Amino acid sequence: MTLTISVIGTGYLGATHAACMAELGYAVVGVDTDPAKIADLSDGRLPFYEPGLPELILAHTSAGALRFTTEVAEAADADVHFLCVGTPQRPDGLGADTSHVRAAVAGLVPHLRRDALIVGKSTVPVGTAHELQDLADSLAPEGVRVEIAWNPEFLREGRSVEDTLRPDRLVFGVASDAAERSLRAVYERVLGAGTPLVVSDLVSAELVKVSANAFLATKISFINAVAELCEATGGDVTAVSEALGHDARIGHAFLKAGLGFGGGCLPKDIRAMMARAGELGVDQALTFLREVDDINMRRRHRVVELATEEVGGSLLGRRVAVLGAAFKPLTDDVRDSPALNVAAQLQLRGAGVRVYDPQAIDNARAVFPTLTYADSAAEALADADLVLLLTEWSEFLELDPEQVGGLVAQRRVIDGRNALDTDGWRRAGWSYRGLGRPRMEPIVEPAAPEPVLAG
Ligand SMILES: NC(=O)C1=CN([C@@H]2O[C@H](COP(=O)(O)OP(=O)(O)OC[C@H]3O[C@@H](n4cnc5c(N)ncnc54)[C@H](O)[C@@H]3O)[C@@H](O)[C@H]2O)C=CC1
Ligand SMILES: O=C(O)[C@H]1O[C@H](OP(=O)(O)OP(=O)(O)OC[C@H]2O[C@@H](n3ccc(=O)[nH]c3=O)[C@H](O)[C@@H]2O)[C@H](O)[C@@H](O)[C@@H]1O
């Protein structure tokens, strides 16, 4: 018998999860409260950019295995329900807002007509699953037993399909053997491919997720703290990072110094983890995450400082080309984007900023409508006094520095991601500044010696 799956919340996480569940062979219904999103998805269109996902959505909606609705009642018959709604930062700036997960459970449970398993995937403060179990118990119709489990998600935007179908590991937080059996059945093919599985209690599963993101954020801020030291001493953080990464105990991943982390998850998740520790009376355990956050935010100010220096002390009236608006390449997500944050700061200081991004301009315009957006890199670069690379899309890394040099007013580049071919740009007459690296002047090739003529 084919399992039927419901996925509640069809944003970046939920749309991916729904499509991948259909890819694993299940009948899937995706539910969201946003009618525009549901209209797009129902037509087989993905309302955001994610490589490889539109093809899956289109294939499975066309085949009838995947459908979308705003009516949660239509999910009631599913065997397993996955919760994928948002848990954004609360307006007070600290803890996570869990109102959407509670609303999703409260919306679904009264419609259930048989025993059900609700599996949380959203990233939540530790203890939320138990609260949701109490909520479900209080709302379950007579004779219906609803169980909550937690199966945290580790996918990265830009690689979400691959990360879902071939994850590094699966984590099942369960309160019963029956819940574990159900999850094993859902993920049978993924487990069959050799994916490591950790089965734990609910609390530990919730903790794995926030700890993973806190660890990744800490690793990035660690190397960015070293970058600050390099700036004070003339060292080059890219050399330090490369050498550190060769130590197998450290590794190269998440050790790239630059403008730091942004996005809809790492920043909010470390703040929520700190807030939860405070509520639990163990705030001292995580005060270092405050430093992780501060180091990260300082990188954005540092780029603005460098930009100001590069144009001679005042940004007023200077034309700055900003390459990149998304919080990282391969996504159109601009939530807490370091690139946009820097662009906005430059504009506040009087610079004429033109931003270009291959995918994220519409989202960027919605958040920062007063910035000027270009339709191409060339348009952003035209007559620029300074070029800033802030999101390392391959389109930017492949730019020909000689050609770009012909577009700008001044050959000055700040590489906020330490990603450009330094020597290539310098040979084309550019002055180069990375983060945590010494300023580098253009490389002037010595003129070829005059041929010595015999006689
Ligand atoms: N974006 C990512 O790469 C990952 C996100 N996560 C976590 O997954 C959760 C969702 O994140 P995103 O997908 O990025 O957020 P998102 O904002 O893109 O999507 C959330 C969706 O939930 C919908 N929603 C809100 N309340 C609802 C309700 N009561 N019923 C049905 N739908 C409802 C919203 O309309 C929205 O479409 C968060 O907890 C996040 O931390 C975890 C791993 C990866
Ligand atoms: O909980 C989540 O939503 C997800 O958050 C991150 O994934 P994501 O936000 O898609 O992006 P990452 O690839 O982790 O990058 C985060 C930020 O760190 C920055 N970064 C990354 C790596 C690095 O070495 N240096 C660095 O500055 C990136 O530019 C980006 O701004 C985690 O990597 C996922 O495992 C997790 O599931």
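The values are calculated or read from the model by the stated rules, or taken from the named source; none is laboratory data. Being a predicted model, the structure only gives us computed values, none of them experimental. Here the Cβ positions follow ideal geometry from the backbone for every residue, glycine too, while neighbour counts run over all protein chains shown. Each accessible area value is taken on the protein alone, full model and side chains, heavy atoms only, with ligands, DNA and RNA left out. Shrake-Rupley method; radii C 1.70, N 1.55, O 1.52, S 1.80 Å.
With the requirement that a residue be away from ligand 1 (no atom under 16 Å from the Cβ) and buried (at least 18 other Cβ atoms within 10 Å of the Cβ), what does the range 244-265 give you? Let's see the steps before the verdict.
The initial filter retains those residues of the range 244-265 that are away from ligand 1 (no atom under 16 Å from the Cβ), namely 244-253, 255-260.
Correct list: 255, 256, 257, 258, 259, 260.
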- Message: Looking for something out of contact with any helix residue (DSSP H, G or I) (no Cβ under 6 Å at 6 or more places or on another chain), more than 23 Å from residue 125 (Cα to Cα) and crowded, with 22+ Cβ neighbours inside 10 Å - is there at least one such residue anywhere in the range 70-84?
- Response: yes
- Message: Any residue at all in the range 307-326 that's away from ligand 2 (no atom under 12 Å from the Cβ), out of contact with any strand residue (DSSP E or B) (no Cβ under 9 Å at 6 or more places or on another chain), assigned to a helix (DSSP H, G or I) and at negative phi?
- Response: yes
- Query: In the set 201, 283, which member is away from ligand 2 (no atom under 13 Å from the Cβ), at pLDDT below 95 and of a type in the set (Asp, Glu)?
  - Reply: 283
- Sort out which residues of the range 1-11 are open to solvent by 40 Å² or more (accessible area, probe 1.4 Å) and at pLDDT below 95, and write them in order of number. 1, 2
- Query: Does the range 228-243 include one or more residues that are at pLDDT 95 or above, touching a helix residue (DSSP H, G or I) at 6+ places or on another chain (Cβ under 8 Å), surrounded by fewer than 18 Cβ atoms within 10 Å (Cβ to Cβ) and not assigned by TED's automatic domain parsing to the domain that holds residue 433?
  - Reply: no
- Name every residue in the range 143-164 that is away from ligand 2 (no atom under 12 Å from the Cβ) and either buried (at least 17 other Cβ atoms within 10 Å of the Cβ) or not assigned by TED's automatic domain parsing to the domain that holds residue 46 (or both), in order of residue number. 146, 147, 148, 149, 150, 151, 161
- Query: What is the residue count in the range 12-59 for residues that are touching a Cys at 6+ places or on another chain (Cβ under 8 Å), open to solvent by 20 Å² or more (accessible area, probe 1.4 Å) and within 16 Å of ligand 2 (Cβ to nearest atom)?
  - Reply: 1
- Message: Residue pairs, Cβ under 6 Å, 6 or more apart or interchain, first in the range 1-29 and farther than 20 Å from residue 73 by Cβ and outside any strand (DSSP E or B), second open to solvent by 10 Å² or more (accessible area, probe 1.4 Å) and of a type in the set (A, V, I, L, M). List them.
- Response: 2/27; 19/56; 20/165; 22/65; 23/56
- Query: Just wondering, is there one or more residues in the range 245-265 that are at pLDDT 95 or above, of a type in the set (A, V, I, L, M, F, W, C) and outside any loop (DSSP other than H, G, I, E, B)?
  - Reply: no
- Query: Which residues, taken from the range 13-41, are touching a helix residue (DSSP H, G or I) at 6+ places or on another chain (Cβ under 7 Å) and either within 9 Å of ligand 1 (Cβ to nearest atom) or not aliphatic (A, V, I, L, M) (or both)?
  - Reply: 15, 16, 17, 20, 23, 30, 31, 32
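Any residue that is open to solvent by 30 Å² or more (accessible area, probe 1.4 Å), within 16 Å of ligand 1 (Cβ to nearest atom) and in contact (Cβ under 8 Å) with a residue 24 or more places away in the chain - is there at least one of those in the range 336-345? Can you show your working first?
Our first condition is that a residue be open to solvent by 30 Å² or more (accessible area, probe 1.4 Å); within the range 336-345, this holds for 336, 341.
Checking which are within 16 Å of ligand 1 (Cβ to nearest atom) leaves us with 336.
Subset that is in contact (Cβ under 8 Å) with a residue 24 or more places away in the chain: 336.
The answer is yes; a qualifying residue exists.
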- Message: Condition first: outside any helix (DSSP H, G or I) and crowded, with 18+ Cβ neighbours inside 10 Å. Now tell me which residues in the range 400-417 satisfy that.
- Response: 408, 411, 412, 413, 414, 415, 416, 417
- Message: Criterion first (assigned by TED's automatic domain parsing to the domain that holds residue 164, modelled with pLDDT under 95 and farther than 22 Å from residue 146 by Cβ) does residue 45 satisfy it?
- Response: yes
